[in-house]
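Participant: Okay, handing you the structure first.
Just so it is clear, none of the values below were taken in a lab; they were calculated from the coordinates. Please read these numbers as outputs of a predicted model, since none were measured by experiment. Glycine also receives a Cβ, built like all others from the backbone with ideal geometry; neighbour counts cover every protein chain displayed.
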Amino acid sequence: MTYDRGRCEEISIRVREHILAMSTDGGCFTGASLSCADLLVYLYTSYLNVRPDTLTDPNRDILLLSKGHDVPALYGTFAELGFIERERLANHLDCNDHIYWHPNRAVPGVEFHSGSLGHLLSVGMGMALSIRMEQRASRVIVILGDGELNEGSIWEALQVAHALHLDNLVAIVDRNWFQANVRTEELIPLEPLDEKFRAFGWNTARVDGHDFDALHACMSSLPIGTGRPTVVIADTMRGKGVPSIQERADRWFCNFTHDEVAQLTDELHGNAVATLVSPTLIVR
Ligand SMILES: [Mg+2]
């Protein structure tokens, strides 16, 4: 895949527009989706060998979005890259469409269902083992939430992946420093996260998850094939790109009015500051 920062930046704006458009008429996990949008845009445009015409290739790379509630960012990216029709995003809360609510394998590009947290690192581990046994070239990327790391199953998978020397497995932590509507370090502190992963035998890297050049440098130099799985801790910002909802505990899930979505979209484009009146979640 060819890396083009300008293309990444253009697509990431459009994906954010899609996320905001899905944040009304019932809403979605807006803040969380905005934090991992750049990761998904980078991976699908510049790292993974996955395109709409390679979805059945046995040597395609596998991406699993374990934090399935960020699916507006995933489907927004799919819409921009031709996996699904842009018009279909309007069905995100229509239970008659497989695009409904969380990742579903019936949607082109989705490799496994998610939504219930803590499971897809184990699924990815099984896929990575299968790929190695079949001597395929695919890499398995699993995107985890930082709050999701409080699921004990994650740490069981970390131990087994190390024991099996799964060096074709990469976990990426969307480290946005929030878990639901509270800061991670105020609930169950995660830091020093790098040291914890290293103690479980994983290679570690840390990167700004919104800096495409830094992401490309990091992902291009991962120690894949060196006998250990790798984790990339991507420091991100909840609500990234829309200042009035950035780093706000109460903007995890949002259900804005259409007028507010229009204001926020203007804000995304740097044209205005939104005046929000939609009720917010109660913080603890
Ligand atoms: Mg988080």
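Participant: Can you sort Ile11, Ile19 by how many other beta carbons sit within 10 Å, fewest first?
Facilitator: Ile11, Ile19
Participant: Another question, if that's okay. Can you classify the range 154-217 as rounded, prolate or oblate using the Cα gyration tensor, where a ≥ b ≥ c are the square roots of its eigenvalues, rounded means a/c under 1.5, and otherwise it's prolate if a/b beats b/c and oblate if not?
Facilitator: Here the range 154-217 falls in the oblate category.
Participant: Given Thr230, His69, Ser23, which one lies farthest toward the positive end of the charge dipole of the chain, if we put +1 on the Cβ of every Lys and Arg and -1 on the Cβ of every Asp and Glu?
Facilitator: Thr230
Participant: Can you work out the Karplus-derived ³J(HN,Hα) for every residue in the range 31-39? Use 6.51 cos²θ - 1.76 cosθ + 1.60 with θ = phi - 60°, whole Hz, and x for glycine or proline.
Facilitator: x, 5, 5, 5, 6, 10, 4, 5, 4
Participant: Divide by every residue of the chain the summed helix terms, -39500 (n - 2.57) for each DSSP H run of at least 4, and state the resulting mean residue ellipticity at 222 nm, rounded to the nearest 500 deg cm²/dmol.
Facilitator: So the calculated ellipticity at 222 nm is -10500 deg cm²/dmol.
Participant: Suppose we keep just the DSSP beta bridges with both residues in the range 5-268; what percent of those would be antiparallel, to 5?
Facilitator: 10 percent
Participant: If you don't mind, another one. Kindly list the residues of the range 29-60 that lie in the label zone of Ile13, defined by a backbone N under 16 Å from the point 7 Å along the Cα-to-C-beta vector.
Facilitator: 38
Participant: Out of Gly31, Gly109, Gly225, any idea which swings most in a Gaussian network model of the chain, alpha carbons joined below 10 Å?
Facilitator: Sorting by GNM fluctuation, first place goes to Gly225.
Participant: Give the span of the chain's Cα atoms along each principal axis, as three whole-Å numbers ordered largest to smallest.
Facilitator: Ordered largest first, the chain gives principal extents of 53, 44, 36 Å.
Participant: Starting from the Cα gyration tensor of the range 29-72, take the square roots of the eigenvalues, sort them a ≥ b ≥ c, and report rounded, prolate or oblate (rounded when a/c is under 1.5, otherwise prolate if a/b is larger than b/c, else oblate).
Facilitator: Prolate is the answer for the range 29-72, as a/c is 1.5 or above and a/b outweighs b/c.
Participant: If we count other beta carbons within 10 Å of each Cβ, what is the order of Asp174, Asp146, Asp259, Asp167, fewest first?
Facilitator: Starting with the residue having the fewest Cβ neighbours, the order is Asp259, Asp167, Asp146, Asp174.
Participant: Most mobile of Asp53, Asp38, Asp266 per a Gaussian network model of the chain (Cα springs, under 10 Å)?
Facilitator: Taking springs between Cα atoms under 10 Å, the residue moving most is Asp53.
Participant: Let me ask something else about it. Name the most mobile residue of Val160, Val41, Val207, meaning the one with the largest mean-square fluctuation, in a Gaussian network model of the chain with Cα contacts below 10 Å.
Facilitator: Ranking Val160, Val41, Val207 by mean-square fluctuation puts Val160 first.
Participant: Checking the a/c ratio against 1.5 first, then a/b against b/c, what shape does the Cα gyration tensor give for the range 30-167?
Facilitator: Cα axes put the range 30-167 in the oblate bin.
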